[in-house]
Amino acid sequence: MHKFTQYLPRSVMIFKNYKTNMLTADLVAGATVAIIALPLAMAFAIASGVAPEKGLFTAIVAGFLISAFGGSKYQIGGPTGAFVVVLYAVVLKHGYDGLIIATFMAGVMLMFMGFFRLGNIIKFIPYPVTVGFTTGIALIIFTTQIKDFFGLNIEKMPADFVEQVKVYASSMTDISWISFALGVLGILIIIAFKRFYPKIPGPIVVIIALSLIVYIFGLPVETIGSRFHEIPSMLPSPSLPAFSLEKIRLVFPDAVTIAILGAIESLLSAVVADGMTGDRHHSNKELVAQGFANIVSVIFGGIAATGAIARTVTNIKAGAFSPLAGMFHALFLLAFMFFLSSLILLIPLCALSAILVIVAWNMSEMHHFKSILFNSERHDAIVLVTTFALTVFIDLNTGVQTGIMMAALLFIKRMIDVTHITDKKATLMDLDFDAVNYDEELEDADALSKKHVPEGVDVYEIGGPFFFGIADKLKGVLDIVSTPPKVFILRMRKVPMIDETGYHALEEFFKMCQDKHTLLILSGVSKEMRRKLEKKGFDKLLGAHNITSHIDSALLRASEVLEKSSDKISPIENTTNKDN
């Protein structure tokens, strides 16, 4: 039964104890979030280079499905600022048809992430990478809003950040001071309501106030109606994208980016919701729901969607009890579109720009950016700045991929730094290995200083994971010893894992020992590690008696071998007594 229930959406699981007062709470929360989502959905769609209704389609279809099938009780899905940069670039290069295919593919990828239980892994994307590309996205969103905020007459905006700046620089003589004044007023309204009337959604106040001002006074500013002419009052008929191998190949990198961003943003939003409510979301269910929602969203003429942190927080603060609040939010949006489509046309674009300027500022997380830049380790600061710069000046794909790659390389370097090989008989201060910490040695019941090590026996210890980062250090151990020992004991009690490169290095080290007529004995080998070595056949190569679980056994084995040997140890000694 447990295996079955772990795949059930949270919306199904809540009905066991669902009551009327909970339904009322979900209805109120859904209506509240829908009021905020209405302008945001259209604003994100316009910023992404598509018509405003596509943002509404996304918020309705994907918003409903994410809540209905997701793994979080409070998640609100829809178009978000994180996607604006990627979607705008895809639309510019491949048109809306290319965006549909990229989003469809991203949805499939997200579902596979959930099916293969990658939800927990996604959470471990390094924080400097997340802050770097988020701040970069925020800057680009702000830049894209300058056109409508200042009422500039620019026919088509380039996707490249530098080119956008050049276009703005040459167009600033055509500023519409009315649009600019209304935009500033919109920002001030949002700030004021957030400070003095936090329960009243500032964006909807901006939309209503600026629309009334423009309509009553007949101000010459661009509106949704003047640019897009109409807003449909119903969802379009579903249709599958026109797939082609060439199109798939062209948009595949963008699909990967959409999938990664969607996973990060949705799980981050779910984690925020958990922190506020004490709930615990199911990350893999959430990824499957996000993927399914993206697929259906583009089938109904929408764009990419993910969990929206601001709307999710609003949902919680509005008293939501269950995923039904998110489903109600989508139904309310559908009602708004049906009844208010003619009024939506009156919304001035500078009002939507004012809302997105605030969104960009909130996304930027400047305090986190400055904290990592000035108060963290240099490596983290480098990853942050590199990710930010590449996101802004190249593209988001390059920024995210390079940031993750750099963070992975730096992680590997840190692992190499903390993994060491030490000579347990001497400090070797003049060699390129870590010296023994003798304070720790004194507290160690199995410290070598408390054992009798026979003459002709060298004991070294690996501290940390035995992976490719330590391989070169191991290969160089025998080279630094003037006289090869008769027995070489390699302690592995502090080795939690060994990878393929580590095993290969161990195999090569064994052959080096053979060449120098040195017997290799492994000490402190855990049961799991021994199973891995046996699976590789290393126990047959080295000899089963030469793989020991404790230093005492290893020293006893060394003493037995020394007693039987003369001046040199035959290489055959490494393979004797394999099965005894």
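The values are calculated or read from the model by the stated rules, or taken from the named source; none is laboratory data. Here the structure is a predicted model, which is why all the values come from computation and not from measurement. In this analysis, Cβ positions are derived from the backbone assuming ideal geometry, glycine residues included, and neighbour counts consider all displayed protein chains.
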Within the group 103, 58, 80, which residue is touching a strand residue (DSSP E or B) at 6+ places or on another chain (Cβ under 7 Å), at pLDDT 95 or above, of a type in the set (S, T, N, Q) and buried (at least 22 other Cβ atoms within 10 Å of the Cβ)? 58
In region 189-237, the residues that are in a helix (DSSP H, G or I), surrounded by fewer than 19 Cβ atoms within 10 Å (Cβ to Cβ) and not hydrophobic (A, V, I, L, M, F, W, C): 194, 195, 215, 225, 226, 227
Here's a check for you: in region 39-55, which residue that is buried (at least 24 other Cβ atoms within 10 Å of the Cβ) and of a type in the set (Gly, Ala, Ser) is nearest to the chain's Cα centre (by Cα)? 48
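For residue 561, state whether it is among the aliphatic types (A, V, I, L, M), under 21 Å from residue 455 (Cα atoms), in the same structural domain as residue 452 (by TED's automatic domain parsing) and modelled with pLDDT of 75 or more.
Working: among the aliphatic types (A, V, I, L, M): yes; under 21 Å from residue 455 (Cα atoms): yes; in the same structural domain as residue 452 (by TED's automatic domain parsing): yes; modelled with pLDDT of 75 or more: yes.
Considered against the rule, which asks whether it is among the aliphatic types (A, V, I, L, M), under 21 Å from residue 455 (Cα atoms), in the same structural domain as residue 452 (by TED's automatic domain parsing) and modelled with pLDDT of 75 or more, residue 561 comes out as yes.
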Here are some conditions: (1) buried (at least 21 other Cβ atoms within 10 Å of the Cβ); (2) part of a helix (DSSP H, G or I); (3) within 43 Å of the chain's Cα centre (by Cα). Residue 490 meets all but one. Which one does it not meet? (2)
Members of region 511-545 found to be at pLDDT 90 or above and among the aromatic types (Phe, Trp, Tyr), listed by number: none
Looking across region 463-507 at residues that are under 19 Å from residue 532 (Cα atoms) and aromatic (Phe, Trp, Tyr), the single one that is modelled with the highest pLDDT is 503
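Scan region 7-51 residue by residue and report those that are of a type in the set (A, V, I, L, M) and not in a helix (DSSP H, G or I). Explain how you work it out, then say what you get.
Going residue by residue through region 7-51, those that are of a type in the set (A, V, I, L, M) are 8, 12-14, 22-23, 25, 27-29, 31, 33-38, 40-43, 45-47, 50-51.
Those that are of a type in the set (A, V, I, L, M) and not in a helix (DSSP H, G or I): 8, 50, 51.
From the residues in region 294-328 that are in a loop (DSSP other than H, G, I, E, B) and buried (at least 24 other Cβ atoms within 10 Å of the Cβ), which one is farthest from the chain's Cα centre (by Cα)? Before the answer, list the steps.
Of the residues in region 294-328, the ones in a loop (DSSP other than H, G, I, E, B) are 300-305, 308, 318-323.
With the extra rule that they be buried (at least 24 other Cβ atoms within 10 Å of the Cβ), the set shrinks to 302-305, 308, 320, 323.
Details: 302: 24, 303: 21, 304: 17, 305: 16, 308: 15, 320: 27, 323: 24 Å.
That would be 320.
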Condition first: loosely packed, with under 14 Cβ neighbours inside 10 Å and of a type in the set (Lys, Arg). Now tell me which residues in region 266-287 satisfy that. 280
Those residues of region 160-179 which are buried (at least 17 other Cβ atoms within 10 Å of the Cβ) and in contact (Cβ under 8 Å) with a residue 40 or more places away in the chain, in sequence order: 161, 176, 178, 179
Residues of region 356-405 being under 19 Å from the mean Cα position of the chain (by Cα), aromatic (Phe, Trp, Tyr) and either within 26 Å of residue 45 (Cβ to Cβ) or surrounded by fewer than 19 Cβ atoms within 10 Å (Cβ to Cβ) (or both), in sequence order, are 388
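Among the residues of region 108-119, is there at least one that is of a type in the set (D, E, K, R) and at negative phi? Walk me through how you get there before you give the answer.
At the first step, the residues of region 108-119 found to be of a type in the set (D, E, K, R) are 117.
When the remaining residues are screened for being at negative phi, the result is none.
No, region 108-119 has no match at all.
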